[in-house]
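Below: the structure, in structure tokens.
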Amino acid sequence: MHSRLIPFITALACLQLVSCSNSETALRKRITEGVGAIRMIDTHEHLSPEKQRAEQKLSLFTTLHYAVSDMWADGLDRRLADSVFSDPEIPLETKWALFAPYWANTRNTAYSRNLLRALNDLYGIDRIDESTYVELSEKIRQANHPGRYEEVLRRRAGIDLAICDSGLETREMDPALFRGVYRFDDFLLPWNSFSEVEKTWGVEIKTLEDWEKALDKAFGQVKDWGYVGVKCGIAYNRTLSFEPVARPAAEKIFNVLAADRNLFDSLSFQEKKPLQDYMFSRIAGLCSRYDLPLQIHTGLFYDTWRNVTQTDPSRLIPFILNHRDTRFVLMHCGYPYGRELLAMAKNLPNVTLDMCWIYIISPRFAADFIDEAIETLPQDKVLGFGGDFVVPEGSYGHAMLCRVVVSRVLADKVLAGYWSEEEALEYARAILRENAIKVFKLKL
């Protein structure tokens with residue numbers, strides 16, 4: 001090559017790189033703006049009625065939620081933390097003294113970064129330290145007024161509707177912003193819940209037939225109240241392996257428990273498991289009959305000292321195969337069993353995947369999950385966001401993080417030549433809004 005051409009070629013290459021860089025930046029900006037404009041349906045929250053929240057004395061230490069669970073993993077005593085952080089009579093200085101050493105070790109986690117972003121965006125303070133915790137607490141207290149959910153979720157986070165797993169309290173929440181799912185875990189008897197069921201549903205329980213009729217009655221009532229799904233969190237109490245059980249075998253165990261309810265704790269899990277398995281099959285069948293999707297917790301636990309392998313979603317495959325008329329929503333990307341979950345959804349027509357909670361567990365895992373979901377699943381089999389918080393600040397931060405991750409993955413796919421910009425934004429609208437409307441049959 002002639003030496004005089006080298007500077008010219010180098011300059012041309014630089015111009016091409018600048019042009020490509022500018023083009024990529026413009027594309028990412030358009031994708032980010034497009035995703036940011038989507039009015040999301042939030043598929044999973046644990047918020048309490050706003051009237052209850054408005055009566056509480058809030059502070060920085062009542063907004064922690066998931067951030068404090070990383071502190072438990074770091075050795076913080078949970079009972080002590082719960083009692084100190086929730087008690088409005090304990091001075092903030094005492095709470096800070098307990099909090100600070102663990103914050104120093106956990107502020108790197110995605111749970112903690114989510115908290116920091118939310119506090120910065122909503123209260124204008126970009127760090128948590130000895131100079132800010134009092135001011136933060138005061139700003140949180142002052143903002144605790146009626147209309148806060150509307151302000152934070154709808155106006156700031158861009159959420160049109162949130163589906164709440166808050167029990168019967170969901171009936172007290174604004175139907176313009178919230179819908180409910182209901183748990184029937186009491187009917188699985190993971191604990192001695194006879195009296196709770198009798199009190200809640202106004203029934204007297206003596207036989208398995210009574211128990212089954214009570215469950216049917218509860219389903220009908222929940223459906224009439226406008227709940228849009230059923231949630232099962234039994235993975236916190238046992239393995240997700242459910243086996244077919246004949247009614248006589250379940251009835252035999254039920255009769256023992258009903259005859260002397262004080263015997264409940266003396267029976268082992270293996271002795272009670274057939275009854276639980278039988279009743280879970282009944283719940284799945286009623287979900288089909290009442291046309292309600294069945295949300296199931298899979299993967300990681302919120303708290304500590306648990307065996308995460310019992311929540312492997314692949315344990316559910318035989319059960320799902322036996323309940324083909326039931327619509328299953330498997331939650332939390334099954335973290336860390338994401339690929340198992342993707343394979344299940346690719347193979348099982350009645351399975352939808354819900355990405356609630358996942359972005360704050362690991363944004364990288366969430367990005368990889370979406371990337372593979374794009375390549376493996378029909379776009380209507382993914383629900384792209386659920387905040388999964390007890391505080392609106394957390395839901396806000398999570399929604400913002402979700403939009404960042406989704407935008408980045410979709411733009412990467414466009415730049416790689418996988419699809420067009422229009423297809424990318426269509427996918428975003430599906431997973432962040434339209435799919436949830438379809439799965440939960442929402443009327444907005």
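Quick look at the numbers
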{"item": "Subset of region 77-92 (residues that are free of Cβ contacts under 8 Å to residues at least 12 places away in the same chain and either more than 20 Å from Leu136 (Cα to Cα) or not charged (D, E, K, R) (or both))", "result": "Asp77, Arg79, Ser83, Ile90, Pro91"}
{"item": "Pairs, first not assigned by TED's automatic domain parsing to the domain that holds Ala424 in region 10-35, second among the basic types (Lys, Arg) and modelled with pLDDT of 95 or more, C-beta under 7 Å, six or more apart", "result": "Val35/Arg403"}
{"item": "Any pair with Cβ under 8 angstrom, 6 or more apart, that starts in region 138-160 at a residue that is within 15 Å of Phe61 (Cα to Cα) and among the charged types (D, E, K, R) and ends at one that is in a helix (DSSP H, G or I) and modelled with pLDDT of 95 or more", "result": "Lys139/Tyr123"}
{"item": "Verdict on Thr63 being of a type in the set (Ser, Thr, Tyr) and within 24 Å of His297 (Cα to Cα)", "result": "yes"}
{"item": "Residue tally, condition in a helix (DSSP H, G or I) and touching a helix residue (DSSP H, G or I) at 6+ places or on another chain (Cβ under 7 Å), over region 95-109", "result": "6"}
{"item": "Count - residues of region 51-78 that are assigned to a helix (DSSP H, G or I), under 24 Å from Ile360 (Cα atoms) and not hydroxyl-bearing (Ser, Thr, Tyr)", "result": "10"}
{"item": "Any chance Leu161 is touching a Lys or Arg at 6+ places or on another chain (Cβ under 7 Å), under 26 Å from Ala37 (Cβ atoms) and in the same structural domain as Phe264 (by TED's automatic domain parsing)", "result": "yes"}
{"item": "Contacts under 6 angstrom Cβ, first residue in region 430-444 being in the same structural domain as Lys231 (by TED's automatic domain parsing), partner of a type in the set (Phe, Trp, Tyr) and outside any helix (DSSP H, G or I), 6 or more apart", "result": "Leu432/Phe385"}
{"item": "Selection count where residues are in contact with a Pro (Cβ under 9 Å, 6 or more places away or on another chain) and crowded, with 19+ Cβ neighbours inside 10 Å, scope region 217-233", "result": "3"}
{"item": "Residue check for Thr326: under 29 Å from Pro392 (Cα atoms), modelled with pLDDT of 95 or more and among the hydroxyl-bearing types (Ser, Thr, Tyr)", "result": "no"}
{"item": "Hey, Lys441 basic (Lys, Arg), over 28 Å from Leu122 (Cβ atoms) and out of contact with any strand residue (DSSP E or B) (no Cβ under 6 Å at 6 or more places or on another chain) or not", "result": "yes"}
{"item": "Only one of Tyr123, Tyr133 that is aromatic (Phe, Trp, Tyr) and in contact (Cβ under 8 Å) with a residue 60 or more places away in the chain", "result": "Tyr133"}
{"item": "Residues within region 145-167 that are on the phi < 0 side of the Ramachandran plot, crowded, with 16+ Cβ neighbours inside 10 Å and part of a loop (DSSP other than H, G, I, E, B), tallied", "result": "3"}
{"item": "Tally, over region 54-95, of residues that are β-branched (Val, Ile, Thr), touching a Ser or Thr at 6+ places or on another chain (Cβ under 8 Å) and more than 19 Å from Asp388 (Cβ to Cβ)", "result": "1"}
{"item": "Some residue of region 273-291 being touching a residue at least 12 places away in the same chain (Cβ under 8 Å), in contact with a Gly (Cβ under 6 Å, 6 or more places away or on another chain) and not assigned by TED's automatic domain parsing to the domain that holds Ala67", "result": "no"}
{"item": "Residue in region 308-324 that is in contact (Cβ under 8 Å) with a residue 24 or more places away in the chain, assigned by TED's automatic domain parsing to the domain that holds Leu377 and closer than 18 Å to Gln379 by Cβ present", "result": "no"}
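The values are calculated or read from the model by the stated rules, or taken from the named source; none is laboratory data. For clarity, every value in this text was computed on a predicted model and none was experimentally measured. In this analysis, Cβ positions are derived from the backbone assuming ideal geometry, glycine residues included, and neighbour counts consider all displayed protein chains.
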